[in-house]
Structure formats: structure tokens, C-alpha cells
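Written below as C-alpha cells is the structure these notes are about.
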Amino acid sequence: MSNLSGRCRVCNAQISAFMSFGRMPIANGFLNEREISNEYFFELAPAFCSQCGMFQLIEQPQPDKMFHGHYAFYSSTSRYMQLHFENFANKVITDILAGRRNPFVVELGSNDGIMLRHFHERGIRHLGVEPSVNVADVARSRGIRTISSFFNRKLAEEIVAEHGRADVMLAANVMCHMPDLPGVAAGARRLLKPDGIMIFEEPYLGDMIAKTSYDQIYDEHVYIFSATSIARAFAPHQLELVDVAPQITHGGSMRYTLAPKGSRPATVRVAEQFSRERVQGLDDAKTYLHFKQNCERSRAHLMQTLNELSEQGKRVVGYGATSKSTTVTNYCGITPQHVEFISDTTPIKQGKLSPGAHIPVRPYQEFTRAYPDYALLFAWNHAAEIREKEQAFVAFGGRWIVYVPDVEVIS
Ligand code: DWN
Ligand code: ZN
């Protein structure tokens, strides 16, 4: 591991990586054969700031290397996630917007409009902020008002000047992508009305530690949040954590509700979550050394399983060319010798090679055309949806290889 230390992005304290996942490419950087020689790599190394409790990457590629005009992840590919965001939007409409006159909703990282469409369909004033132009275009084609920019204090000023202040700010799996979190918090405080509310949900540190789901760590996820670190990061900007709600999405997420300081009381759930985090040891450096050992154990077990299957001449196919799979394949050393191809329903990924490991990504139809002996479930966070859909694969004798929370072969 090279000298991996730096400054905390939130509190500026000195931080050092507690482990390295090694040389990593852009997680969504699916590529063609001719692009291999120019593939970009950085060192994926997480650190825990003992001063403010923020879990973060030491090094992160420039945002425009990750979010651009050919961003590979379209939020609406999962039916369950469509339903999840419909429920999220409905809750905001009934619990917060009801009774407000001509409310205004802003979503950061609105992708293809999976959540904002429900506000648009009800004629509610809305604005999506989505820097990846191709996914934003899908939203725009559905009539969802979207600007393609990175959110910061300056953009907040521009939005206020053009549309006024927001009743609600939303984000899902996005806040943890934004390196200048203090700038985002300052922008949010500027954009929100005095009685405005910000709600966002992100992969939860407590789940990642408990399940050894180390594949949540990749370039885009510059932070993995806890209730404690969120409260501390937003407090200097007069935004207070007033509620938390665990979510099952993405393998374990937390929904955070923040409001201008003093505008509403915090629920008892916030204090309870802080104490749960203390008990779990999320503020203790030893927890992360233990996590590192668990990652190494998981890697050894997965590679033992894949090597054995390869020696037996079994066909193994990856299921879901997720961003997360880039960490798994590169950290563990999974090659096209272990995994014949990765099946994925996203057209922009198909026909390309996976980042770093260069495993071919093929259309889903290739998976159903000739079922493999084993499917390595890279999209493990969608297991319920996928296993319900793939009963014919299991009936054929196919088996799933999973690795979160433990490496297992299951039917
Ligand atoms: O935070 C992020 C989350 C929300 O989405 C982003 N940084 C990027 C992205 O992460 P991911 O790529 O790990 O997300 P998913 O949702 O686990 O990706 C699922 C992949 O699997 C997609 O490429 C679609 C594919 N898929 C499939 O082929 N068949 C998904 C389902 C449900 C399926 O049935
Ligand atoms: Zn810090």
C-alpha cells in the first residue's frame, strides 16, 4: 500500500487508510477492447476519521471521470426500485407537501427520473439536478424538469434566483457520491425554506460492517454514512438530523431527514440510532481492522469456490454488471477464466468488457438461452427480485453463488 493518508473532507483532520483494495478502475467504466490501453486506475483505500466519524475514500477520481454523457447506470432497471421510489414520493407528498401552497421539490442526482416522475405526474413543481447527461435526457424525455450540473452552493443560488426556495430536497444514493459534502450542505441550507426538509437515503455503514459488503466501496461512493457522521457533517451548516429510518434497499440503507436547526424536534429514533452505532463500535478504529480481516476472509473463500468450480470445468456466469462488482472482481482477482460473461439488462453495458477484470458483459438473453451451472450474483442487493424471476434457472439445476454476508452456494 502506498502512502495513503490525507485530510478529512468534512472536518479537515489528518486521516490514514486502514486498508487498500488495490488498483481500481472506474466502477462504471465499461469499455471496448481498444480502450484497454488507456484504462484509468486509482488506489481504492478507505479511511475512518476518528475526529468526525466520517468513513471515506482517501483518493477519488475527478467527478467528470465518473459522471458524464455515457453514465452506465439507469435507476429504473429494477422493478422493485421503481416501487420503492413511488412509495418514497407518495410519503413525501402526503406527509410533507399536503397543505403547502405551490410547493417546490428539488432532487439531487435524479438519474432517469425514477422518483421525480411521481411529482411531475401530479403537477408538483420540481427540478432534478443530474450531471450525467444521458440519464438526465431520459428524464427530460418524460417531461421531468432536469438540469445537468453538479450541485454546490453556487448552483443553489442560481436555483433560488430562478425558482425560489425549496420545500423539500431529496436525494437517493447520491449524497455519498459528492466529495464536497460541506459545500453541498451549505447549498442545501441556502436552497431550503426555513420550514423546508431534506430527505436522503444512502448505503448504511452499520450494514456494510455487519455484512462485510465491502463492494459498497468504489470510486463513486466517496463516503459511507452513519447517523453520527451525518449529524456532525450537517450541524455546522445549521441543518439538524431530525429522523432516521432504515431501508432494505441496496443491501441496507438509511433514510436521513434533516431540517433547519430549531425548526422541528428530532424523533427519539435519532438518539436511539446514535446509541446503536456506539454499541456496534462504528466510532472505534478496531472495528475497521476487523472489517479488513473479514474482507480478506471473504475474498479467500470466494476465490477458493471459483477456483474449484473452474477446475471441475463448470460454467459460471455473473448476474448483474453492477458498480459493486468492479470492486469484487478486481480485489479478488476474478478473471474471464472464472466467469465466462456477466449478464446484464442495460443496453449501454452490453457488448463491453467489465472494468479492470475485462469480463465480457452480454445481454440477459444469453443467460436464459443456455443456463450456466452457476450464477455469481453480483446484483445481490436485488436478490429477492432476481430469485423470484429466475425460478426456471434453479429448476434447471442452476445454483447461485452469493458472497454477502457469507460466501455460499445456494439453490
Ligand atoms: O449508488 C449507486 C447505485 C444506486 O446504483 C450508484 N453509485 C450506481 C449503482 O450501483 P450498482 O451498479 O451497484 O447498482 P445496482 O442496482 O445493484 O445494479 C444492478 C445491475 O444489474 C444493473 O446493471 C442492472 C442489472 N440487473 C439485471 O441485469 N437484471 C438488475 C436486475 C434487478 C435484473 O433483474
Ligand atoms: Zn473528519
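With assigned by TED's automatic domain parsing to the domain that holds ALA186 and assigned to a strand (DSSP E or B) as the only criterion, which of VAL168, VAL135 stands out?
VAL168
Filter the stretch 106-124 down to the residues that are in contact (Cβ under 8 Å) with a residue 24 or more places away in the chain and at positive phi, then identify the one that is surrounded by the most Cβ atoms within 10 Å (Cβ to Cβ).
GLY113
Name the residues in the stretch 366-381 that are outside any helix (DSSP H, G or I) and either open to solvent by less than 10 Å² (accessible area, probe 1.4 Å) or of a type outside the set (D, E, K, R) (or both), would you?
Scanning the stretch 366-381 gives ALA370, TYR371, PRO372, TYR374, ALA375, LEU376, LEU377, PHE378, ALA379.
Only one of THR326, THR346 is open to solvent by less than 20 Å² (accessible area, probe 1.4 Å), of a type in the set (S, T, N, Q) and out of contact with any helix residue (DSSP H, G or I) (no Cβ under 7 Å at 6 or more places or on another chain). Can you tell me which?
THR326
Tally the residues that are of a type in the set (S, T, N, Q) and within 16 Å of ligand 2 (Cβ to nearest atom), restricting the search to the stretch 198-217.
Adding up the residues that qualify gives 0.
Could you list, in sequence order, the residues of the stretch 295-304 that are open to solvent by less than 80 Å² (accessible area, probe 1.4 Å) and either touching a residue at least 40 places away in the same chain (Cβ under 8 Å) or not in a helix (DSSP H, G or I) (or both)?
CYS295, SER298, LEU302
Within 16 Å of ligand 2 (Cβ to nearest atom) and β-branched (Val, Ile, Thr), is that true of ILE93?
Taking the combined requirement at face value, the residue does not satisfy it.
Quick one: in the stretch 36-51, which of the residues that are open to solvent by 10 Å² or more (accessible area, probe 1.4 Å) and part of a loop (DSSP other than H, G, I, E, B) is farthest from ligand 2 (Cβ to nearest atom)?
GLU39
Being touching a residue at least 40 places away in the same chain (Cβ under 8 Å), surrounded by 24 or more Cβ atoms within 10 Å (Cβ to Cβ) and in contact with an Asp or Glu (Cβ under 7 Å, 6 or more places away or on another chain) narrows it down to one residue among ALA171, ALA185, ALA166, ALA139; which is it?
ALA171
Here is a check on your reading of the model: is ALA384 among the aliphatic types (A, V, I, L, M), buried (at least 21 other Cβ atoms within 10 Å of the Cβ) and within 12 Å of ligand 1 (Cβ to nearest atom)?
Criteria not met by ALA384.
Do we find a residue being outside any helix (DSSP H, G or I), on the phi > 0 side of the Ramachandran plot and either crowded, with 17+ Cβ neighbours inside 10 Å or within 16 Å of ligand 2 (Cβ to nearest atom) (or both) anywhere in the stretch 60-74?
Looking for residues that are outside any helix (DSSP H, G or I), on the phi > 0 side of the Ramachandran plot and either crowded, with 17+ Cβ neighbours inside 10 Å or within 16 Å of ligand 2 (Cβ to nearest atom) (or both), one finds none in the stretch 60-74, hence no.
Criterion first (away from ligand 1 (no atom under 16 Å from the Cβ) and without any contact (Cβ under 8 Å) to a residue 12 or more places away in the chain) does GLU277 satisfy it?
So GLU277 fails the test.
Any idea which of (1) open to solvent by 90 Å² or more (accessible area, probe 1.4 Å); (2) among the aliphatic types (A, V, I, L, M); (3) in a strand (DSSP E or B) is the one ALA259 doesn't satisfy?
(1)
What are the residue pairs meeting all of these: first residue in the stretch 25-51, first residue under 17 Å from GLN62 (Cα atoms) and not assigned by TED's automatic domain parsing to the domain that holds ILE217, second residue of a type in the set (S, T, N, Q) and at pLDDT below 95, Cβ atoms under 7 Å, and 6 or more apart or on different chains?
Hits for this filter: GLU43/SER2.
Yes/no matrix, rows are residues, columns are (1) over 23 Å from ILE36 (Cβ atoms); (2) open to solvent by 60 Å² or more (accessible area, probe 1.4 Å); (3) outside the structural domain of PRO203 (by TED's automatic domain parsing):
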| residue | (1), (2), (3) |
| --- | --- |
| LEU306 | no, no, yes |
| GLY318 | no, no, yes |
| GLY351 | no, yes, yes |
| ILE401 | yes, no, yes |
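Looking at this structure, is LEU31 at pLDDT 95 or above and either more than 21 Å from the chain's Cα centre (by Cα) or open to solvent by less than 20 Å² (accessible area, probe 1.4 Å) (or both)?
yes
The values are calculated or read from the model by the stated rules, or taken from the named source; none is laboratory data. If you're wondering where the values come from, they're calculated on a predicted model, not measured in any experiment. As a convention, Cβ positions derive from the backbone with ideal geometry for all residues, glycine included, and neighbour counts pool all protein chains shown. Only protein heavy atoms, including side chains, enter the accessible area calculation; ligands, DNA and RNA are left aside. Shrake-Rupley method; radii C 1.70, N 1.55, O 1.52, S 1.80 Å.
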